[in-house]
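> Can you keep this structure in mind? I'll have questions shortly.
What follows is calculated from the coordinates using simple rules that are stated; it is not laboratory data. These figures come from a predicted structure and were not determined experimentally. Every residue, glycine among them, receives a Cβ derived from its backbone with ideal geometry; neighbour counts consider all protein chains shown.
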Amino acid sequence: MLMNSAAIAALTLLYSSITNLPSVHCITVTFPEAPPHNATLNVVKDNFLGVSYELASFDTLWGTTADAVPEAMQNYMHNLNRRTSNPLRIRVGGNAMDGSTYVPSMTDKMLVLTDPNAYFNDQPTDFGPVLFDVLNAMADKAGEMQFIIGLSMRSPENDSNVVELAQAAESKLGDRLDAMLLGNEPDLYAGHGERDAYNISAYIPEIAKVMEDMRSQKLLDKSILGGPTICCSWGLGDVLNAGLKDDGYKYFTLQHYPNNACSGLNDKNTNMSYYLSHSNVYTFTSWNEDGISIAKSLNTPVLLTEYNSVSCGGSNISNTFGMTLWAIDAGLQSAAQNFSAVYIHTREFGVTYNLFDPPSANNSLDSNWRTGTTYYAALFLSEVMSTSSSSSGTIVADLNVNNSIYSPTATVAAYGLWAADDSSSNSASSDSRDKLVLINFGTNTSATAQSFDIPAPSGSDTTIQYRILSAPSVFEDTNITWAGQTVHQDGLLNGTQETQTLDCKGGCTIEVPGPGAVLVLLGDRSSFYIDPPPPSTYETNGVGRGLRSFDVAHVVALMVVVAGSLVGFA
């Protein structure tokens, strides 16, 4: 049965009345000093979380030219960027880019839609070098970024435009170009009518042909390609064993959604309970574990370059706090399942799973933006993976509390994060406990709070710090707080950043609101991201990490206060 807004509201009230009881038991979290050996095979960087964009709507979000980059989008990107030491990962691609044409002479605007009757999930465009100008402008304003660009594989026999686009990307983006992905979801080409009876046997020789054409233009002098960017009907292991593992790819890439709305809403894509079961996340992320194992043996990182709740534009539950928790759970589980990075996908105005929406489809310069629930997941994940300068990255493992990996009725999840030792030693014993993530999928904040008994912190400190992500119910779409802050319509965080402190000598108990998640610091090398003083404008010279500067009035006021204290007046 499909749920409309009235049904969702009624269900929220029903959950509240049924579960209006305190937590009935405390869950003990076993968090070993050293990570499990299999977990040490995957060390992720602090920029583990990236954002994926569909090309066809990119100009409505990032601006039509480099001089018209929306301030709200600068803020959204900067919030994520300043929580990491490495550049923010950005991907531009999707079905739209796979069916689009690069036009070098189009220098007055970023792109134009070329088929008004196109299927909503595959809108071709003509686009020009302004795309790269806007990418560089955003990186200059909001902090360093590393970009992934899509290259089409729909017409490999006529790939001159693909080669031309690759040349432009390398020339315009320089070191900011992280990779170029050859093809987008080729396993769906036949089903979408792009190719007749297309299969892996036809795909591999075509990849070789395009690579040879790129190599002739000296575009592959360094490892820069990624693929196969499959989503659905092919297995990564099958593609790699068919020959792709020998092509020198920088990344192997996958895209995946647990459900789709390509044919409209149905009982499956509107079923909130599916997303609140941690065991389903484990199944979702282990979809290609055989292929990922092959990739690990080759030391080739695997990226999940596109994920979100419901493909083809989301469903009526995609913009809820339940999806915030699911996106966090799926992201952390991906790290535990040997993905090196994940990209949350966002699309055109009005798509329910979007991280953010401008005031209207044609007006991105005003500040009245809507923040989607998945943006809070992005904030959380960006902060979770932050590391100290003495660490080479983070090791993540599912702690399987309450048998949550395997029990479909479990309403909790917990992840242990270890700081990977930045030394020549590969021993797990040199890695140290760093952070703990506790998730409670309950449905009413005060009614279903869950207590967790956690171990004492590592090192000499006996206190711990933690931050809380919460909302009134899993169906909430706006009243969400992370560390006491909400995201304003201009993309800035409102409110005072809150960090809780607790004496944890010998262990302690933390209550996680239902629904909600808590990030706990346990390591003596870890620290929380701290908000800078109130900003005014961005630095625009591209120097450093894009930190914002004080407004002159604030500086003058501060000088007056300091001077006053020195000469004795108040």
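> Can you list which of the trypsin sites (Lys or Arg not before Pro) found in the range 197-252 are DSSP loop residues with at most 10 other C-beta atoms within 10 Å?
In loop regions of the range 197-252 (DSSP not H, G, I, E or B), the sparsely surrounded trypsin sites (Lys or Arg not before Pro) are Lys218, Lys222.
> From zero outward in steps of 5 Å, how is the percent of C-alpha pairs of the range 450-490 spread across the bins?
5, 16, 19, 16, 15, 11, 10, 7, 1
> Compute the relative contact order of the range 281-404 as a whole-number percentage, counting only Cα pairs closer than 8 Å that sit 6 or more residues apart in sequence.
After rounding, I find 26 percent.
> Still on this structure: Can you list the cysteines of the chain that have no other Cys Cβ under 4.7 Å away?
Cys26
> Also: Using alpha-carbon pairs under 8 Å, 6+ residues apart, how would you state the relative contact order of the chain in percent?
Rounded, it is 19 percent for the chain.
> Pick out, in residue order, every one of the chymotrypsin sites (Phe, Trp or Tyr not before Pro) in the range 68-124 that is DSSP loop and has at most 14 other C-beta atoms within 10 Å; say none if there are none.
Counting only loop positions with at most 14 other Cβ atoms within 10 Å, the chymotrypsin sites (Phe, Trp or Tyr not before Pro) in the range 68-124 are Tyr119, Phe120.
> Let me ask another. For Asn362 and Gln489, calculate 0.36 nm times their separation in residues minus their Cα-Cα distance, and state this gained length in nm to one decimal.
Result: 44.0 nm gained on full extension.
> In whole Å, what is the distance between the alpha-carbon centres of the range 81-118 and the range 197-275?
19 Å
> Where in the range 246-266 is the amide nitrogen less than 16 Å from a point lying 7 Å along the Cα-to-Cβ axis of Ser297?
246-247
> While we're on this one: With a/c under 1.5 counting as rounded, go ahead and sort the range 119-272 into rounded, prolate or oblate using the C-alpha gyration tensor (a ≥ b ≥ c being the square roots of the eigenvalues; past the cut-off, prolate if a/b is larger than b/c, else oblate).
Because a/c hits 1.5 or more and a/b fails to exceed b/c, the range 119-272 counts as oblate.
> So, one more: Less than 13 Å Cβ to Cβ from Gly516, Lys/Arg counted +1 and Asp/Glu -1: what total charge do the surrounding residues give?
Result for the neighbourhood of Gly516: -2.
> Let me ask something else. Calculate for the chain the 222 nm mean residue ellipticity that helices alone would give, adding -39,500 (n - 2.57) per DSSP H run of length 4 or more and normalising by residue count, nearest 500 deg cm²/dmol.
-8000 deg cm²/dmol
> Taking the Cβ of Met73 as the centre, find all other residues whose Cβ is under 13 Å away and add up their charges (Lys, Arg: +1; Asp, Glu: -1).
-3
> Then there's this: Would you mind checking the pairs Lys141/Lys435; Lys45/Lys245; Lys45/Lys209; Lys209/Lys245 and listing those with alpha carbons more than 22 angstrom apart?
Pairs exceeding the cut-off: Lys141/Lys435; Lys45/Lys245; Lys45/Lys209.
> Quick one: plug the Kirkwood hydrodynamic radius of the range 216-355 (C-alpha pairs) into Stokes-Einstein at 20 °C, 1.002 mPa s, and report D in µm²/s.
Using the Kirkwood radius from Cα pairs, D works out to 134 µm²/s.
> Near Cys312, within a Cβ-to-Cβ distance under 15 Å, what is the net charge of the other residues, with Lys and Arg +1 and Asp and Glu -1?
With Lys, Arg at +1 and Asp, Glu at -1, the neighbours total -3.
> Any number yet on Rg/Rh for the chain, C-alpha, Kirkwood?
0.97
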